[in-house]
């Protein structure tokens with residue numbers, strides 16, 4: 001009996017240790033540094049690119065690349081967990097080639113930006129507002145012709161800000177979830193609600209406000225601004241059915257794009273040039289003229 005108790009204690013201890021390791025990775029990801037090759041490619045393929053930085057409302061400095069607009073319109077690009085600004089390089093090239101300005105930046109706690117906690121779309125909303133402040137202040141940009149695209153955590157961020165900030169006039173969401181609590185429950189798997197609750201507590205202790213990340217409840221407020229939702233049919237981190245639920249909750253005008261065979265990390269590769277050109281055309285149309293201020 002004593003041996004069984006000891007074994008149970010060991011198993012529980014190992015499970016708690018493993019839980020802490022997972023949570024630490026989710027909230028404090030290892031930084032993915034920009035490589036010299038990524039910098040060289042960006043400089044070669046994005047004419048006029050310059051290194052920029054801007055501040056968040058809580059005092060962090062975020063760093064990125066800005067490419068000037070030749071049409072007056074500009075798009076802010078928000079990457080996902082544990083990545084950096086280079087995630088959207090190919091799509092940024094497609095946008096720039098059509099005359100749109102682009103801002104690609106490293107999220108807080110990622111790449112070269114300040115911060116040590118990734119908040120899964122909570123404080124990243126404040127980061128995006130800082131990015132919008134930066135872009136609308138550029139002399140080449142019409143502040144009434146701003147768009148935003150986000151992937152995964154970035155999609156959380158873009159969806160929530162766009163639903164509440166009329167400066168964003170066209171929206172692309174890739175691999176978006178209905179809400180952060182829904183995603184944590186999904187991550188909990190067979191262990192169910194208790195482990196989801198435990199994850200939620202860990203997030204809350206780290207300063208993440210789960211009630212601030214619920215696109216499914218607010219996505220309808222994006223209308224009448226155009227929305228494009230992109231999903232991968234093999235995505236096991238943001239299942240197609242979840243992205244579809246966000247799409248169904250949105251109002252017109254809206255578009256749906258499915259990438260066959262795409263897992264969570266394959267959107268840009270398998271979507272390829274066809275996806276990048278669709279997104280570029282979407283923003284060209286959506287930002288072609290000023291949208292009425294009353295939303």
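The values are calculated or read from the model by the stated rules, or taken from the named source; none is laboratory data. Remember, predicted model here, so these are calculated numbers, not experimental data. For neighbour counting, all protein chains shown are included, and Cβ atoms are generated from backbone atoms with ideal geometry for every residue, glycine included.
In this structure, is residue 260 within 17 Å of residue 159 (Cα to Cα) and surrounded by fewer than 21 Cβ atoms within 10 Å (Cβ to Cβ)?
It is false that residue 260 is within 17 Å of residue 159 (Cα to Cα) and surrounded by fewer than 21 Cβ atoms within 10 Å (Cβ to Cβ).
The residues on offer are 59, 82, and the sole one that is on the phi > 0 side of the Ramachandran plot, surrounded by fewer than 24 Cβ atoms within 10 Å (Cβ to Cβ), out of contact with any helix residue (DSSP H, G or I) (no Cβ under 9 Å at 6 or more places or on another chain) and modelled with pLDDT under 95 is 59. Tell me whether the range 146-157 contains one or more residues that are assigned to a loop (DSSP other than H, G, I, E, B) and at pLDDT 95 or above. Among the residues of the range 146-157, at least one is assigned to a loop (DSSP other than H, G, I, E, B) and at pLDDT 95 or above, which makes the answer yes.
Restricting to the range 1-28, name every residue that is at pLDDT 90 or above and outside any helix (DSSP H, G or I). Passing the criteria: only 28. All conditions but one from (1) outside any helix (DSSP H, G or I); (2) at pLDDT 95 or above apply to residue 292; the one that does not is (2).
Rundown of residues vs (1) without any contact (Cβ under 8 Å) to a residue 60 or more places away in the chain; (2) surrounded by fewer than 20 Cβ atoms within 10 Å (Cβ to Cβ), yes/no style:
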{"position": "212", "(1), (2)": "no, yes"}
{"position": "216", "(1), (2)": "yes, yes"}
{"position": "220", "(1), (2)": "yes, yes"}
{"position": "232", "(1), (2)": "yes, no"}
{"position": "236", "(1), (2)": "yes, yes"}
{"position": "251", "(1), (2)": "yes, yes"}
{"position": "272", "(1), (2)": "yes, yes"}
{"position": "277", "(1), (2)": "no, yes"}
{"position": "284", "(1), (2)": "no, yes"}
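The listed residues are 95, 89, 103, and the only one of them that is assigned by TED's automatic domain parsing to the domain that holds residue 278, more than 11 Å from the chain's Cα centre (by Cα) and outside any helix (DSSP H, G or I) turns out to be 103.
Is it fair to say residue 225 is assigned to a loop (DSSP other than H, G, I, E, B), touching a strand residue (DSSP E or B) at 6+ places or on another chain (Cβ under 6 Å), within 30 Å of residue 97 (Cα to Cα) and modelled with pLDDT of 95 or more? Answer is yes for this residue.
Per-residue answers, yes or no, for (1) surrounded by fewer than 20 Cβ atoms within 10 Å (Cβ to Cβ); (2) farther than 23 Å from residue 72 by Cα:
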position: 118; (1), (2): no, yes
position: 124; (1), (2): no, yes
position: 135; (1), (2): no, no
position: 142; (1), (2): yes, no
position: 153; (1), (2): no, yes
position: 156; (1), (2): no, yes
position: 165; (1), (2): yes, no
position: 175; (1), (2): no, yes
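All conditions but one from (1) at pLDDT 95 or above; (2) assigned to a loop (DSSP other than H, G, I, E, B) apply to residue 273; the one that does not is (2).
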